[in-house]
Amino acid sequence: MKVALLMSGGVDSSYSAYLLKQAGHDVLGIYLKLHDKEKKHEVFIANCQKVAKNLDIDFMVIDAQKEFKEVVYNYFIESYKRGETPNPCAMCNPNMKFGLALQKAMEMGCEKIATGHYARIKEVNGVKKIAKAKDSSKDQSYFLYAISQDAINRLIFPLGDMLKSEVKPKAFEAMPWFGTLEEYKESQEICFVESDYIDILKKHFDVEKSGIVRNAQGQIVGSHKGYMQYTIGKRKGFSVKGAHEPHFVLGINPSQNEIIVGKKEELAKILVEAQNVSLDKDFHGQEYEVKIRYRSEPTLATLEVDNDKILARLKEPVYGVAKGQALVVYDDECVLGGGVIV
């Protein structure tokens, strides 16, 4: 069948192109120009073109910088302004990769869309669902919780049943013209952030406007470097007078340029609320695993869906629950849906 493959110019998507071609598919490689780092695009597009030429597949570039800025980049900026910790990848996937790019692929006659994500598709009672990858250390299912069922029905993840450690050697063995491993850096978690998200925010705000630090009782206990430089759970970069044990950021008050800090036990949460994005509305008193950050361990929670809100009552306390991050619900290996923590 004709399959669109989203290509980044890296090892994972390039090897995915090879695997799809080996499986007999008619592959259309698509590179999405999202951010405004033109020199990066030049390098990555050249890599994609090399792969397309050697594998004899079609290749095209879609310039989606305007849409990306409106939907993802501006959301990222505004979230930090509100004192939140956004998850731009979870916003990009449903809107850009499996929204705009999927639409373009279908217009080009493609039946399926593939990526180099480490995730799988499983069918449960006749319904296809996103599932965790075989390689749990690289699993990216968390970032895919918000994509539509129509997109899921068309998805192929060629690397879902492979370990990251075996992909690289297999890729360079199968594609000797690909180059050397040293030429291919690991892709960044956030494509438009070079080193630190603060560098992006500096273009829009005064991020170094110092402010006061309060404790949970409202008392002034120290100072900080500017509220946008902190996320919930951070334990460095601010002062607390007379503190003899570590303090962590418990809350952020953007309107006053203040942060609230406390000891680790004050960071614990057993009730997490999220704006529902993709979870069915019939979850009442059911217990499932949830993740509150990409790198967090799953924890059991009893779920309630009330109108557009998800209420997760956790069996054990979690630490570092941040507004703007995703609450993702799993049934064993399968993603059931989720929302944005409020």
| said: Accessible area per residue for the chain in Å², computed with a 1.4 Å probe and the full protein assembly in place, what is it? | reply: 49
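I'd like the antiparallel share, as a percent to the nearest 5, of DSSP beta bridges with both residues in the chain. Working shown, then result.
On the way: 48 of 67 bridges.
Taking every DSSP beta bridge with both residues in the chain, the antiparallel ones total about 70 percent.
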| If you build a Gaussian network model of the chain, linking Cα atoms that sit under 10 Å apart, which residue out of L19, L28, L327 swings the most? | L19
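Taking only DSSP H segments of four or more residues, each worth -39500 (n - 2.57), what value at 222 nm results for the chain once the sum is divided by all its residues, to the nearest 500 deg cm²/dmol? Each step should come with its number before you reach the end.
Working: 10 runs with 79 residues, N = 342.
Estimated from H runs of four or more residues: -6000 deg cm²/dmol.
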| Sites Q49 and E194 - FRET efficiency at Förster radius 25 Å, r taken between beta-carbons, to 0.05 | 0.55
| Near K134, which lysines are there with a Cα under 27 Å away, not counting those fewer than 8 places off in the same chain? | K2, K21, K97, K112, K122, K164, K168, K170, K185, K291, K315
| R0 of 30 Å, Cβ-Cβ distance K263-R295: FRET efficiency to nearest 0.05 | 0.85
| request: Taking the dipole about the Cα centre of the chain, with the C-beta of Lys and Arg at +1 and of Asp and Glu at -1, give me whichever of A151, I212, S165 is farthest to the positive side. | output: I212
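Calculate what fraction, in whole %, of the accessible area of the chain sits on carbon and sulfur atoms when a 1.4 Å probe is rolled over the protein chains. Don't skip to the end; give the middle numbers.
Values: 7910 of 16660 Å².
That share works out to 47 percent.
Let me know the charge dipole size of the chain about its Cα centre in debye, to the nearest 20, where only the beta-carbon of Lys, Arg (+1) and Asp, Glu (-1) is charged. Write out the running numbers ahead of the final one.
Values: 47 positive and 47 negative charges, 142 e Å.
About 680 debye.
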| task | May I ask you to compute the full-extension gain from S136 to Q219, defined as 0.36 nm times their residue separation minus their alpha-carbon distance, rounded to one decimal in nm? | result | 25.6 nm
| V124-D206 pseudo-label distance in nm [points 7 Å out on the Cα-to-Cβ vector] | 5.0
| field | Full-extension gain in nm, R313 to D58, via 0.36 nm per residue minus C-alpha separation | value | 86.9 nm
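The values are calculated or read from the model by the stated rules, or taken from the named source; none is laboratory data. For clarity, every value in this text was computed on a predicted model and none was experimentally measured. We place every Cβ from the backbone using ideal geometry, glycine too, and count neighbours over all the protein chains shown. The area values use the complete protein model at the heavy-atom level, side chains included, leaving out ligands, DNA and RNA. Shrake-Rupley method; radii C 1.70, N 1.55, O 1.52, S 1.80 Å.
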